[in-house]
Amino acid sequence: MSNAQPAEDKPLEAKSPFELRVSLGIGIPQNAVKTALTTGEMGFLHSFTTGSTVDGPGVRLVAWTAGCEWRCLYCHNPDTWSMINGLPVTLDHAIEEVAKYRHGLKIMSGGITISGGEPLLQDRFAVRLLTAAKAMGVHTAVETNGHLGDRLADEEIEQIDLVLLGLKTTPARHRHLTGKEMGPTLEFAQRLARLGRKIWVRFVLVPGLTDDPKNIEQIAKFAAKLGNVERVEVLPFHQMGRYKWKELGLNYTLENTGPPSSELVARACVQFRAEGLDAY
Ligand code: SF4
């Protein structure tokens, strides 16, 4: 890639989550990657962001992990699909980052969020980092598509104060939109409900793709029945990730899709609220 820098020149903090980052983990031997995944001693991170106000409550430190098995048509960070695009970061280093900011995070009613990519692809690293954060009294959140939720034991889920769960569409349309079936995500949501863990649902509103009223109604009914959904975030589709698809040579099918109108966003929120959910 023309604008890829060598890994050693890349700071852990990206200019923004929209910064294109590739091949930062290249050269790491296969067995080291395997050990890292099994033990969680090392993670592969796209970057860290400090001061986020949109990835959970308060002001947050966000660790963006690399690696995702889904292929959402609207993904704005396709450079996080491959784990090898991530910067190898030791668990100790990641914990140091949390320790550095812990007082500020507490004062600003925030915490740490592990997002991605799909953080549960690196479940050992995620669990160990969150456990360490929790031991420091830092609020913990994971943003996940939920597909690999069964990798977590119940006591590990207890280390997570909040799950930002992507409910992307209905089971019938899920494979088309993401490349995967929705069943494991729904099961994880139900398990979180049984364990009494809080969920914020994230729903990306894409004109012509996820905006069908019947689609939204079905998601809203499912979320409302869970009983542990504290809020629903309706996220308007945008084109900030379009250049990444191009740079990576991927076939982007939403080239001509615009953002939803404010009326459409309002209608989606009304639909979630009609089921008794708080939606923004
Ligand atoms: S689950 Fe998230 S990171 Fe993975 S493809 Fe979908 S939007 Fe992208």
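The values are calculated or read from the model by the stated rules, or taken from the named source; none is laboratory data. These figures come from a predicted structure and were not determined experimentally. Backbone-built Cβ (ideal geometry, glycine too); neighbour counts: all protein chains shown. Surface areas here come from the heavy atoms of the whole protein model, side chains and all, with no ligands, DNA or RNA. Shrake-Rupley method; radii C 1.70, N 1.55, O 1.52, S 1.80 Å.
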Q) Using alpha-carbon pairs under 8 Å, 6+ residues apart, how would you state the relative contact order of region 87-183 in percent? A) 24 percent
Q | Cα centre as origin, Lys/Arg/Asp/Glu Cβ charges: region 82-144 dipole, Debye | A | 240 debye
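Dipole of the chain, Cα-centred, from +1 at each Lys and Arg C-beta and -1 at each Asp and Glu C-beta, to the nearest 20 debye? It would help to have the intermediate numbers written out before the result.
Working: 31 positive and 32 negative charges, 76 e Å.
That gives the chain a dipole magnitude of about 360 debye.
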(Q) For region 148-243, which GluC sites (Glu not before Pro) pass both filters: DSSP loop (anything but H, G, I, E, B) and at most 13 other C-beta atoms within 10 Å? (A) Glu181
**Q.** Intensity falloff of the chain expressed as log10 I(q)/I(0), Debye formula with alpha-carbon point scatterers, at q = 0.08, 0.16 Å⁻¹
**A.** -0.31, -1.34
**Q.** the chain: most fluctuating residue of Leu250, Leu129, Leu148 per GNM, C-alpha cutoff 10 Å
**A.** Leu250
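Determine the gain in length on full extension of the stretch Asn228-Thr35; use 0.36 nm per residue of separation and subtract their C-alpha separation, reporting nm with one decimal.
Working: separation 193, 0.36 × 193 = 69.48 nm, distance 3.54 nm.
Length gained between Asn228 and Thr35: 65.9 nm.
Leaving ligands, DNA and RNA out of it, report the carbon-plus-sulfur percent of the accessible area of region 173-280 at a 1.4 Å probe.
Numbers: 2840 of 5540 Å².
After summing per-atom areas, the C and S share lands at 51 percent.
Please compare each pair in Lys34/Lys180; Lys106/Lys180; Lys221/Lys244; Lys168/Lys244; Lys168/Lys246; Lys180/Lys246 to a cut-off of 27 Å on the Cα-Cα distance and tell me which ones are over it. Intermediate values should be presented prior to the final figure.
Values: Lys34/Lys180 24 Å; Lys106/Lys180 37 Å; Lys221/Lys244 34 Å; Lys168/Lys244 21 Å; Lys168/Lys246 23 Å; Lys180/Lys246 23 Å.
Going by Cα-Cα distance, Lys106/Lys180; Lys221/Lys244 fall outside the 27 Å limit.
Can you pull the Kirkwood radius for region 170-236, inverse mean 1/r over Cα pairs, to one decimal in Å? Each step should come with its number before you reach the end.
On the way: mean 1/r = 0.0796 Å⁻¹.
It is 12.6 Å.
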Q. Within the chain, what percent of beta bridges assigned by DSSP are antiparallel, to the nearest 5?
A. 25 percent
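Report, in cubic angstrom per residue, the convex hull volume of the C-alpha atoms of region 30-110.
101 Å³
Full-extension gain between Glu158 and Lys106, please, as 0.36 nm times their residue separation minus the C-alpha to C-alpha distance.
Working: separation 52, 0.36 × 52 = 18.72 nm, distance 1.93 nm.
Full-extension gain reported as 16.8 nm.
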Q) So, with +1 on the Cβ of K and R and -1 on the Cβ of D and E, and no other charges, what is the size of the charge dipole of region 147-280 about its Cα centre, to the nearest 20 debye? A) 300 debye
**Q.** FRET efficiency, 1/(1 + (r/R0)^6) with R0 35 Å, evaluated for Asp150 and Ala274 via beta carbons
**A.** 0.65
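I need to check one value: relative contact order of the chain, counting alpha carbon pairs closer than 8 Å and at least 6 residues apart, in percent. Don't skip to the answer; put the middle values down first.
Values: 556 pairs, mean separation 43.4, N = 280.
It rounds to 16 percent for the chain.
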Q) How big is the accessible area of Glu19 in square angstrom, nearest 10, if you roll a 1.4 angstrom probe over the protein chains? A) 30 Å²
**Q.** Ranking by accessible area, most exposed first, for His174, His238 with a 1.4 Å probe
**A.** His238, His174
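Can you work out the accessible area per residue across the chain, with the rest of the protein chains kept in place, probe 1.4 Å, in square angstrom? Write down the numbers at each step before the final one.
Numbers: 12290 Å² over 280 residues.
Per residue, the chain has an accessible area of 44 Å².
For region 83-197, what does the convex hull of the Cα positions come to per residue, in cubic angstrom? Don't skip to the answer; put the middle values down first.
On the way: hull volume 12.9 nm³, N = 115.
Hull volume over Cα atoms, normalised by residue count, gives 112 Å³.
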**Q.** Accessible surface of Phe222 - all protein chains present, 1.4 Å probe, nearest 10 Å²
**A.** 50 Å²
Q) Given Leu248, Gly227, Ser261, which one lies farthest toward the positive end of the charge dipole of region 177-262, if we put +1 on the Cβ of every Lys and Arg and -1 on the Cβ of every Asp and Glu? A) Gly227
